[in-house]
1. So, R0 is 35 Å and r is the distance between the beta-carbons of Leu32 and Asn284; what FRET efficiency does that work out to, to 0.05?
2. Pop out the ³J(HN,Hα) list for segment 315-325 in order, Karplus 6.51 cos²θ - 1.76 cosθ + 1.60 with θ = phi - 60°, rounded to Hz; leave Gly and Pro as x.
3. Sticking with the crude label model, points 7 Å out along Cα→Cβ, report the distance from Arg231 to Val109 in nm, one decimal please.
4. How charged is the neighbourhood of Val94? Take every other residue with its Cβ under 12 Å from the Cβ of Val94, and add Lys/Arg as +1 and Asp/Glu as -1.
5. Quick one: Met218, Met332, fewest Cβ neighbours within 10 Å first, how do they rank?
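Just so you know, all these numbers are worked out from the coordinates, no wet-lab data involved. Since we're looking at a predicted model, the values are computed, not measured. All Cβ positions, even for glycine, are placed from backbone atoms using ideal geometry, and neighbour counts span all protein chains on display.
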Amino acid sequence: MLSVLEIYESLPSWPFLMLFILYICVAVTGNLAVIIVVASRKYMRTPANLYISSLSFADLIIALVVIGNTAKSFSKIYLEYNIYRCVLVPYFEVVAISASVLSLMAITVDRYQAVLHKRVHKTPLKFAAKIVSMVWLSAVIYGLRVIPQFYGKLKPSDDIDSQNSSSTDRNDFRFDSSANTTGIHRWSCDFFMEEDDNDIVFRIFDFLILFVVPFIAMIVMYGRIISTLWRKKIPVGTGLRRKRRVAKMLLISVLVFIICWVPFYVQEFVGDGMIITGKHVDRNVLAAFRIIFILLSFSNCCLNPVIYAYFNCNFRYELKYMIRQKNRDQRMRHKHTFQVTPTSSRNGI
């Protein structure tokens, strides 16, 4: 029976490469647009937009580091891996996901205070900036826990080759620095590790801390926000419409994040648990689900700018204005470069 690694290697690489490149282009373009618009327009620098910019920056890390590394892996181009590269990729993934969850939590709390506690609904921008700093500091510190986990899994590829020759029923996705022929240690990375129970413990802990606890709290808060904003006796005014639109946008962002990331985490520790306990696992089915859920999770960093643009008319206006302004500047430079004066025309005759 083929292992999951062998199933991955048997797949054609170009469809996945094209899809990952599309993900990266859309995510980088969309999230950079969000950050640039918020940073360049003073009236757009609100606490909620600051939290959304933090979310966009986390999506940029996912796109450039995680999706980029995954695209290289599916390309079957085996570049040399060192200890730092093996550790930094999962580290930045945990940091980005943690920052995304904490940013969504910060937005939810801000909206909750604005709707249910009107006396404190105007959050100072400096306070919001401090919250964003705390979000990223917490994410950076929380991500450190993966370093000893992945560092302990790094082995010289010669050792891994000997293990693979004795056991082929493994569910690994390893990347081997086989191009190194210097005779020095050649290191291999494990990105899907199921060799012991500690991996399952880490993943369950991540799932509880990053998903179950914060998203239950967010759903409860959005439930109260919706029940307050959509009560029949409240007269519908411009301010209420705006609050409802913002609440819809943020709730959709939370639900999209859950839909995109939770299936990936669930299949990770469920599938790994079945392998560790010795239960029968159809490798083809497991590989198919993994690929599907990887693609689904990566799509999240492309969807947030779309959601933001759909619900925020100010963002759409500023983005269109910046595009028109850039096109106008390009036409002016082009016209200035190729303009021919009457004097030069006569001299040329």
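1. FRET efficiency, Leu32 to Asn284: 0.35.
2. Once rounded to whole Hz, the list reads 5, 4, 5, 5, 5, 4, 4, 5, 5, 4, 5.
3. 2.5
4. Counting the neighbours of Val94, the net charge comes to 0.
5. Numbers: Met218 23, Met332 10.
Lowest count first: Met332, Met218.
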